[in-house]
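Peer 1: Take a look at this one; I'll ask things after.
The values are calculated or read from the model by the stated rules, or taken from the named source; none is laboratory data. All values derive from a computational prediction rather than experimental measurement. Cβ coordinates were reconstructed from backbone atoms using ideal geometry, including for glycine residues, and neighbour counts include every protein chain displayed.
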Amino acid sequence: MFSAETLDVAVNQGLAGPLGRAALLVGIIASVFGAVASIYTARESLREEEARTARLIPRFAALALLAAVAAMTAMEYAMITRDFSLKYVQDHGSRSTPALYNFTAVWSALEGSILLWVLALALSCAVVVWRYRKKLSDPLIAWAMAVMFIVLAFFFLLSFAPANPFGVGAAGVTDGPGPNPLLQNHILVLFHPPILYLGYVGFTIPFAFAIAALVTGRVGEGWLIETRRWTLCAWGLLTFGIILGGWWSYEVLGWSGVWAWDPVENASFLPWLTGTAYIHSVLVQERRGMLRVWNLSLLLATFSLTILGTFLTRSGVLNSVHAFSESDIGKYLIIFFGVIVAVSLWLIAWRGDSLRSPGSIDSPISREGAFLANNVLFALFAFVVLLGTVFPLVIEALQNRQIVVGEPFFDQLSTPIGIALLAMMSIAPVLPWRKASEEVLRQRLFWPAWCGIGTLAVSLLVGADGLAALLTFTLGGFASGAALRQLVLATRRQGWRGLVGRANGGMVVHIGVILIAVALAASNSYTRSQELSLKLNTPAEFGGHVFELKGFENEKTDRLTAVKAIVQVDGGKSYAPAITKFVQMGNNIGTPSVKSSWRYDLYLTLEPPVKSESGEARIKVFIKPLVMWMWIGGGMMAVGTLLALFPGRRRRPTDAVSARVDTGKAIDA
Amino acid sequence: MKKLNSLPMWILMLLLTVGLLAFGTLRDRGPLTQQGRIDAISQQLACPTCNGESIYVSRAPAAEAIRNEIAREVAAGQNSDDQIVAVIERNFPGSVLLPRTDGVESLVWILPVVALVGGLCGLGLVFRRWKNAALLHASDADFAIVEAALQHKNDVTDDENI
C-alpha cells in the first residue's frame, strides 16, 4: 500500500505531519458534505418529503469531530515527541519546555489556536446534532446544521491552508525556542484559552439557528426557546474565560492589574457585551413577542464580532502584546466577516414584514422598558470599545501616522456607562412587566435603596473618596439589595428551587457582577504602591506592613535562569517574587508573589537589575483593596449561570404574567 | 411601613445620599505620594517598544527607563504631571494614550456622544410610538370577545375538575 520511500519519509519526518494534514482534509470533506446533506434535507422537508440525507448528517458531524480530534492529537503528539520536522514545533516547541507547557504550546500561537477553534467548533456541531438527532428533518434544524457545517468547513479550510500547523520546516532543526515565556509560568494557560474559545464558538449555535429561522421564515419565538440554553452556555463560558484571563494577567504580568484594554482583551469583551445585551432583551421577545429584529441583530452582531475579533488579533493589523504573529489569514477572515454581515442583513431585509413585532410596550417604567434601556447602554459600551480599538487604524489610514488609544480613554468612557448599568441593575429586577405604579416602585425599592445608602456610609467610614468609586459602591449596594430581595422572595415561595431558573440564577450572576464592579472600583481607585530598596535582614515599612529581605534563591537549568528574592512579611510567611530569564528568548520575565486576604492583596514584584551578590533587592509593593472579591464574583457568575441553566418553576397558563393594564374599563365589571 | 415608604422619606433618602456623596467627593485626602504621581503619569503614556502597553503596565527595558525618567522629574519637583507628560511626549511622539480633543482625533470623543444621543432619541421615539399605539381603546366588542373566552376557559376548567 505504501512504498518504502513514502514510509521512510514518514518515519524521518514523523507521522504527525501527514496524519494531521490528512485529518484536516477529511474534516473539510466531512463538513462540506454535511452542509450539502443538511441543505438537501431542509429543501426536501419543505416539500414534505422524507429526506434520506437526514440520516447522513450525524455521520458527517461525527466524521468531522473525529477528524478534528485526530488533527489535534497529531499536533499534540508532534509537540510532545518534539517532532522538529514540523515548522510549528520548530517555532514554538523546545526540548527543555516542561510537559505541561509543551502540551499547551499547541495553542500558544496562531496556527495551533485556529486548530483549537476547529476542535471546539466540531465538538459543538456534534453535540447539536446529537441533541436534535430525532428532529434533523425539521427544516429549521437542518438549516441550522447547514450553517454550522459551513462555518466549520471555513475553519477547517483556514487550518488546512493559510494557517496550517502541519507545515514542514527546515531540515536539520533539532530544538526550538519554546512558547512565549509568558505562556510557560502559570497553570491557567491550560484553562483560559480553551474555555474562552468554547465561549466564542458556542455563539455559532444561536447564530446558526437565527439564520435558519430567517431562511425558513419561522421567525417566531420557537428558535429562541430552542437556543436559550446554548446561548447561556456560550455566554457563561465566554464570561468565565474572560475572568480567567484577568486572573492570569494578575498572577503573571507583574503590573498588578487584571485588564489593560488591550485590543485582544477588547476582542473578547465585544461579543460579551452584545451577548449580554441579547440574553436580556430576548426575555422581552419570549414574553411579549417583541424586538424580533433587534434580537436577531444582536445575535448576528455577537457572532460577527467573534470573527472580527479573530481578524483583528490574527491579521497583524493591530499592535498588541497578546496578538498573534502576522499572517495571511486576515484577508480570509475579513472576507468571511463581510459575507456574514451581508448575508445576515439581506436575510433580515428579506424577512422584514414577518419580523414586525405584534406587541407594544405600555410604559417605559416596566421590566421591558428597563431591558431596552440596558440594551442601549450595552450597545453604546460595545460601540465605544470597538471605536477605541480600531481608531488607530482610522488615523493611520487618514493621516498616515500612528497613535495609541489606551487605558485612560477606555477608563474615562467606560466608567459612566458602567455606573449607568449598575443603576439599571438596581431598578430593573423589581420592575413588573408592562407597567409599574409609583407605589409599587416605592415599596419594592425601599430596602434596596437603604442597602445602597448603608454601603455608601460604610465606604465613607473606612475612608473611601472620589465620586466614581463612591457611586459604584452606592449603586453596588442598591443593586445587591434588589437582587437579594428577588432571591429571598423566590426561596420563601419555592424553597431551594427559588435559586434555580433563569430569573433567579440571573440574580446570582448580578451579585457576581456587582462584586466584580466594586472590587475593580476599589482596586483601581485606592491602590497604593511603593518601591522598596531592601537590604538583607533590614526591615522596611510600607502601608502598615514590615518587609524584610531574607535571601535569594537561584535556579539555573538548560531552559532558564531564575532569581527569587525571599521577602518575609510582618515577621510571618515569606514570599518570593522572581525574575526569570529564558535562555532561548533572552528577555526578563517577572513573576509576582501575592499575599491575599479578604480586605486587600499585598502584591510583590522584584524589579531589575537584581544585585543578589551585594544582598540588595528592589521590591515594588502594591497594596490592592478587595481584589479577592473579584475572583469570588467571577465564581458567583459561573454558579449563577449554572443555576440559570436549570429549568425554573413552570408558570401555569392561568397565572398572571404581568401587572394589569389600565384600559379605562374594568374587565370584570 | 407605609409611613416609611412615603414621598418625604424618599426625598430624605435622596438628600442623605447626595450629602454623603458630596462629603466623600470633596473631602481632602492630601497630595499624592511621589510613587502615586509616578504611577499616575506612567499610566498616561505608552511604552515605545511594547505594542501599545502603557509604561505602567510594561516590564520592558524601555518602559523601565522612562519610568526612571519620570521618577527623576517627580523627585525634582519642578514640573506638574501635565508638564512631565509633555516632556516625555516630546522625546517619544505619539506616546500619549489619551487621544487629542482637536482635529481628526476628536472624532473618538465626539462619536460616542453622538451614539448616546442617537440611542436615547431612538429610545424616546420608540416609546412614543408604542405609547400612541397603546392609546387605542378596546371597544365593547373586544371586551365581549375576552369575556366569552374567559367564560369558555372557566367552563372547561369546571368540566376538568368534575
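To keep it simple, each residue is scored yes or no on (1) at pLDDT below 90; (2) over 25 Å from the mean Cα position of the chain (by Cα); (3) not basic (Lys, Arg).
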residue	(1), (2), (3)
A:Ala122	no, no, yes
A:Val127	no, no, yes
A:Met145	no, no, yes
A:Ile150	no, no, yes
A:Phe160	no, yes, yes
A:Gly167	no, yes, yes
A:Leu182	yes, no, yes
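Peer 1: Pick from the stretch A:583-603 the residues that are assigned to a loop (DSSP other than H, G, I, E, B) and of a type in the set (Gly, Ala, Ser): which of them is nearest to A:Thr97 (Cα to Cα)?
Peer 2: Here the residue is A:Gly586.
Peer 1: When you check A:Phe383 against the structure, is it assigned to a helix (DSSP H, G or I), touching a residue at least 12 places away in the same chain (Cβ under 8 Å) and aromatic (Phe, Trp, Tyr), yes or no?
Peer 2: Here the answer is no, as A:Phe383 does not meet what is asked.
Peer 1: Do you know which of the residues in the stretch B:132-147 that are surrounded by 10 or more Cβ atoms within 10 Å (Cβ to Cβ) and within 8 Å of another protein chain (Cβ to nearest Cβ) is modelled with the lowest pLDDT?
Peer 2: Once the filter is applied, the top-ranked residue is B:Ala134.
Peer 1: Right, here's the next one. Please tell me if A:Asp411 is farther than 18 Å from A:Leu296 by Cα and within 7 Å of chain B (Cβ to nearest Cβ).
Peer 2: No; evaluated as a whole, the condition is false for this residue.
Peer 1: Which number in (1) out of contact with any Leu (no Cβ under 8 Å at 6 or more places or on another chain); (2) buried (at least 24 other Cβ atoms within 10 Å of the Cβ) marks the one condition that A:Ser297 misses?
Peer 2: Going through the list (1) out of contact with any Leu (no Cβ under 8 Å at 6 or more places or on another chain); (2) buried (at least 24 other Cβ atoms within 10 Å of the Cβ), A:Ser297 breaks only (2).
Peer 1: In this structure, is A:Ala423 at pLDDT 95 or above, in contact with a His (Cβ under 6 Å, 6 or more places away or on another chain) and either under 21 Å from A:Leu273 (Cα atoms) or more than 10 Å from chain B (Cβ to nearest Cβ) (or both)?
Peer 2: Against the criterion (at pLDDT 95 or above, in contact with a His (Cβ under 6 Å, 6 or more places away or on another chain) and either under 21 Å from A:Leu273 (Cα atoms) or more than 10 Å from chain B (Cβ to nearest Cβ) (or both)), A:Ala423 does not qualify.
Peer 1: Given the structure, is A:Ala64 surrounded by 22 or more Cβ atoms within 10 Å (Cβ to Cβ), under 20 Å from A:Ile150 (Cβ atoms) and at pLDDT 90 or above?
Peer 2: So A:Ala64 passes the test.
Peer 1: Hey, can you tell me all the residues within the stretch B:87-114 that are touching a residue at least 12 places away in the same chain (Cβ under 8 Å), within 11 Å of chain A (Cβ to nearest Cβ) and more than 18 Å from the chain's Cα centre (by Cα)? Give the steps one after another, and end with the answer.
Peer 2: Step one: filter the stretch B:87-114 for residues touching a residue at least 12 places away in the same chain (Cβ under 8 Å), giving B:87-89, B:92, B:94-98.
From the residues that got through so far, the ones that are within 11 Å of chain A (Cβ to nearest Cβ) too are B:92, B:94-98.
Once the filter is applied, which keeps residues that are touching a residue at least 12 places away in the same chain (Cβ under 8 Å), within 11 Å of chain A (Cβ to nearest Cβ) and more than 18 Å from the chain's Cα centre (by Cα), the stretch B:87-114 yields B:Phe92, B:Gly94, B:Ser95, B:Val96, B:Leu97.
Peer 1: Any residue in the stretch A:556-572 that's in the same structural domain as A:Thr605 (by TED's automatic domain parsing): show its pairings with residues that are hydrophobic (A, V, I, L, M, F, W, C) and not in a strand (DSSP E or B) at Cβ separation under 8 Å, as long as the two are six or more apart or on different chains.
Peer 2: A:Asp558/A:Val583; A:Arg559/A:Val583; A:Leu560/A:Val583; A:Thr561/A:Val583; A:Lys564/A:Ala576; A:Ala565/A:Ala576; A:Ile566/A:Ala576; A:Val567/A:Ala576
Peer 1: Search the stretch B:1-22 for residues being more than 7 Å from chain A (Cβ to nearest Cβ) and over 23 Å from A:Gln443 (Cβ atoms), and hand back the single one that is surrounded by the most Cβ atoms within 10 Å (Cβ to Cβ).
Peer 2: Among them, the one singled out is B:Ala22.
Peer 1: Given the options B:Leu150, B:Leu116, name the one that is surrounded by 12 or more Cβ atoms within 10 Å (Cβ to Cβ), in a helix (DSSP H, G or I) and modelled with pLDDT of 85 or more.
Peer 2: Matching residue, one of B:Leu150, B:Leu116: B:Leu116.
Peer 1: Give A:Ala479, A:Ala503 a once-over and let me know the one that is more than 10 Å from every other protein chain (Cβ to nearest Cβ), closer than 23 Å to A:Thr276 by Cα and buried (at least 19 other Cβ atoms within 10 Å of the Cβ).
Peer 2: Values: A:Ala503 fails: buried (at least 19 other Cβ atoms within 10 Å of the Cβ).
Criteria check complete, one pass: A:Ala479.
Peer 1: Out of curiosity, is A:Tyr101 closer than 30 Å to A:Tyr250 by Cα and not assigned by TED's automatic domain parsing to the domain that holds A:Glu226?
Peer 2: Working: closer than 30 Å to A:Tyr250 by Cα: yes; not assigned by TED's automatic domain parsing to the domain that holds A:Glu226: yes.
In short, yes.
Peer 1: Let me ask something else about it. What number of residues in the stretch B:22-69 are within 30 Å of A:Thr389 (Cβ to Cβ) and assigned to a helix (DSSP H, G or I)?
Peer 2: 15
Peer 1: Residues that are under 27 Å from the mean Cα position of the chain (by Cα): which strands (runs of 3 or more DSSP E) entirely in the stretch A:464-568 hold 3 or more of them?
Peer 2: Once the strands (runs of 3 or more DSSP E) in the stretch A:464-568 are filtered for at least 3 residues that are under 27 Å from the mean Cα position of the chain (by Cα), nothing remains.
Peer 1: For the stretch B:70-86, give me each residue that is within 19 Å of A:Gly406 (Cβ to Cβ) and surrounded by 15 or more Cβ atoms within 10 Å (Cβ to Cβ).
Peer 2: Answer for the stretch B:70-86, where residues must be within 19 Å of A:Gly406 (Cβ to Cβ) and surrounded by 15 or more Cβ atoms within 10 Å (Cβ to Cβ): B:Ile70, B:Asp81, B:Ile84, B:Val85.
To keep it simple, each residue is scored yes or no on (1) away from every other protein chain (no Cβ under 14 Å); (2) of a type in the set (Ser, Thr, Tyr); (3) crowded, with 20+ Cβ neighbours inside 10 Å; (4) out of contact with any His (no Cβ under 8 Å at 6 or more places or on another chain).
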position: A:Tyr197; (1), (2), (3), (4): yes, yes, yes, yes
position: A:Thr216; (1), (2), (3), (4): yes, yes, yes, yes
position: A:Arg228; (1), (2), (3), (4): yes, no, no, yes
position: A:Leu238; (1), (2), (3), (4): yes, no, yes, yes
position: A:Trp261; (1), (2), (3), (4): no, no, yes, yes
position: A:Gly275; (1), (2), (3), (4): yes, no, yes, yes
position: A:Val282; (1), (2), (3), (4): yes, no, yes, yes
position: A:Arg287; (1), (2), (3), (4): yes, no, no, yes
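Peer 1: Further, regarding this structure: Residue by residue through the stretch B:24-33, note down the ones that are facing chain A (nearest Cβ under 9 Å) and surrounded by 13 or more Cβ atoms within 10 Å (Cβ to Cβ).
Peer 2: Correct list: B:Gly24, B:Thr25, B:Thr33.
Peer 1: Go through (1) facing another protein chain (nearest Cβ under 8 Å); (2) of a type outside the set (Gly, Ala, Ser); (3) surrounded by fewer than 23 Cβ atoms within 10 Å (Cβ to Cβ); (4) in contact with a Ser or Thr (Cβ under 7 Å, 6 or more places away or on another chain) for A:Thr474 and report which single condition fails.
Peer 2: Unmet condition: (3).
Peer 1: Next question, about the same structure. Return yes when B:Arg72 is assigned to a helix (DSSP H, G or I), away from chain A (no Cβ under 11 Å) and more than 26 Å from A:Ala468 (Cα to Cα) and no when it is not.
Peer 2: Considered against the rule, which asks whether it is assigned to a helix (DSSP H, G or I), away from chain A (no Cβ under 11 Å) and more than 26 Å from A:Ala468 (Cα to Cα), B:Arg72 comes out as yes.
Peer 1: Also, quick follow-up: Examine the stretch B:41-59 for a residue that is within 11 Å of chain A (Cβ to nearest Cβ) and touching a Lys or Arg at 6+ places or on another chain (Cβ under 7 Å), and state whether such a residue exists.
Peer 2: Yes, the stretch B:41-59 has at least one match.
Peer 1: Here's something else I'd like to know. So A:Asn374 clears everything in (1) in contact (Cβ under 8 Å) with a residue 24 or more places away in the chain; (2) at the interface with chain B (Cβ under 10 Å from one of its Cβ atoms) except one condition, right? Which one?
Peer 2: Single failed check for A:Asn374: (2).
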